[in-house]
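Take a look at the structure set out below.
The values are calculated or read from the model by the stated rules, or taken from the named source; none is laboratory data. Just so it is clear, the model here is predicted, and its values are computed rather than measured. With ideal geometry, Cβ positions are generated from the backbone for all residues, glycine too; neighbour counts draw on all protein chains shown. To get the accessible areas, we keep the full protein, side chains included, count just its heavy atoms, and leave off ligands, DNA and RNA. Shrake-Rupley method; radii C 1.70, N 1.55, O 1.52, S 1.80 Å.
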Amino acid sequence: MPELPQAVPHSVGLNRPARRLPALACDAHMHIFAPEFAPSPHWPRTPPVARVGDYRQLQQRLGTARCVVVTPSTYGTDNACTLDALRQLGDGARGVAVVDQEVGDAELARLDAQRVRGLRVNFVSPQSWGDTTPQMLQTLARKIAGSGWHIQLFASPEQIVALAPVLQSLPVPLVIDHMGLNDPAVPDTQAQALVLRLLETGHCWVKLSGAYMRSAVHGPGYADTLAWGRALVQASPGQLVWGSDWPHTTETPGTVNDADLVDLLQAYCDSNATMDRILVDNPARLYGFPPA
């Protein structure tokens, strides 16, 4: 008898994606939270419990095989929870860490040995060091230049525009989080144009993730994000990756269906081949997974 579907923690519904995903499909943005790892004193909220075992249930439901564990702001610059998750998940996982600008070469080498492949620089959420500055972004980029790592940027459209001269001169690849937080109701056309120009250089990537963060459509389709998602895919299909953003800590619990997020990616894409490229080929290049 076929296995009965089971509910996945922090994910609504029992449905699978409309399309069966290709082998080695990658969820390039998710987080792990485990209570044995204490939140940073700066963090104002109690984090969820979202363990590796819970996430493996989501992988089974969606049909993904690879993932990228991103250290959340919850833990400040302590990457222990992410590193523990990478150990449990094995070679099908890569990491993105959070560090302060004083980080030394020895610590970066330690992270690299445990399959961390990038640093997240966050201008949106509270950070343990206080305000994130353009100088910090530049300093961290210089420290990882030549390593094969990238800088992952979480910033609002207004911040992206303000950072334009810095972003255009970074010595490492740039990955823009969550579609640049574009607001479908009031699109920031200046930020959109800048992101598209950055993509054209081949030195920038965008994560097709977090569509719900600015969507006014509270339902499975997030249809108001289609125009921007399709514009990104049409412009640079080889510079995009997809992420679930599980366990969806920015959203009201019990409101996000991850299978619907996969279907949204399919709606952004003009073909199954493009979708496969975003799920398999692109993350393999960006994160150093073995090629399919």
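Give me, ordered by chain and number, the residues 5 or more places off TRP43 or on other chains with an amide H under 5 Å from its own placed amide H.
none
Considering only the chain, what is the antiparallel percent among its DSSP beta bridges, to the nearest 5? Intermediate results must be reported in sequence, preceding the final value.
Numbers: 2 of 26 bridges.
Approximately 10 percent, going by the DSSP bridge assignments.
Can you pull the percent of the stretch 98-247's accessible area that's carbon plus sulfur, 1.4 Å probe, other chains left in place?
Roughly 53 percent, rounded to a whole number.
When the Karplus curve 6.51 cos²θ - 1.76 cosθ + 1.60 is applied with θ = phi - 60°, which whole-Hz ³J(HN,Hα) does each residue of the stretch 60-68 get, with x for Gly and Pro?
5, 5, 7, x, 8, 10, 10, 7, 10
Mind listing the phi-derived Karplus ³J(HN,Hα) values for the stretch 255-270, rounded to whole Hz, using 6.51, -1.76 and 1.60 with θ = phi - 60°, and x for any glycine or proline?
Along the stretch 255-270, the couplings run 10, 10, 9, 5, 5, 5, 5, 5, 4, 5, 4, 4, 5, 5, 8, 8 Hz.
With each pseudo-label sitting 7 Å past Cα toward Cβ, what's the THR255-ALA80 distance in nm, one decimal?
Label at THR255, label at ALA80, 3.3 nm between them.
Which residues' amide hydrogens lie under 5 Å from the amide hydrogen of SER244, considering only partners 5 or more residues apart or on another chain, with H built in the peptide plane?
Here the answer is ALA28, HIS29, since their amide H atoms fall under 5 Å of that of SER244.
Arrange the peptides 277-287, 25-35 so that the one whose residues have, on average, the most other Cβ atoms within 10 Å appears first.
For the peptides 277-287, 25-35, the packing ranking is 25-35, 277-287.
Sort 40-48, 62-70, 154-162 by packing, meaning the average of other beta carbons within 10 Å per residue, with the highest value first.
Result, highest mean Cβ count within 10 Å first: 62-70, 154-162, 40-48.
Classify the chain: rounded, prolate or oblate, from the alpha-carbon gyration tensor (a ≥ b ≥ c, eigenvalue square roots; a/c under 1.5 rounded; otherwise prolate if a/b is larger than b/c)? Walk me through the intermediate numbers first.
On the way: a/c = 1.39, a/b = 1.13, b/c = 1.23.
Here the chain falls in the rounded category.
Using a Gaussian network model of the chain whose springs link C-alpha atoms within less than 10 Å, name the residue from ASP91, ASP105, ASP245 with the highest mean-square fluctuation.
Among ASP91, ASP105, ASP245, the largest GNM mean-square fluctuation belongs to ASP105.
Could you report the chain's accessible area per residue, 1.4 Å probe, as an integer in Å²?
42
To the nearest 20 debye, what is the magnitude of the charge dipole of the chain about its Cα centre, counting +1 on the Cβ of each Lys and Arg and -1 on the Cβ of each Asp and Glu?
So the dipole magnitude of the chain works out to roughly 540 debye.
Amide H to amide H, which residues 5 or more places from LEU24 or on other chains are under 5 Å from it, using H placed in the peptide plane?
Under 5 Å from the amide H of LEU24: ALA65.
For the stretch 247-292, rounded, prolate or oblate, judged on the Cα gyration tensor with a ≥ b ≥ c (square roots of eigenvalues), a/c < 1.5 rounded, else prolate if a/b > b/c?
Here the stretch 247-292 falls in the oblate category.
With the Cα gyration tensor of the stretch 217-270 giving a ≥ b ≥ c as the square roots of its eigenvalues, does the rule (a/c under 1.5 for rounded; else a/b larger than b/c for prolate; else oblate) give rounded, prolate or oblate? If you can, show how the numbers build up before the last one.
Working: a/c = 2.38, a/b = 1.75, b/c = 1.36.
Prolate is the answer for the stretch 217-270, as a/c is 1.5 or above and a/b outweighs b/c.
At a temperature of 37 °C and a viscosity of 0.692 mPa s, determine how fast the stretch 1-118 diffuses translationally according to Stokes-Einstein, using the Kirkwood radius over alpha-carbon pairs as Rh; express D in µm²/s, rounded to the nearest whole number.
Reported coefficient: 212 µm²/s.
Taking the Cα centre of each part, how many Å lie between the stretch 132-159 and the stretch 50-88?
Cα centroid to Cα centroid, the span is 22 Å.
In whole Hz and in residue order, list the ³J(HN,Hα) couplings for the stretch 79-84 that follow from phi through the Karplus curve 6.51 cos²θ - 1.76 cosθ + 1.60, θ = phi - 60°; x for Gly and Pro.
Each residue of the stretch 79-84 in turn: 9, 4, 5, 5, 5, 5 Hz.
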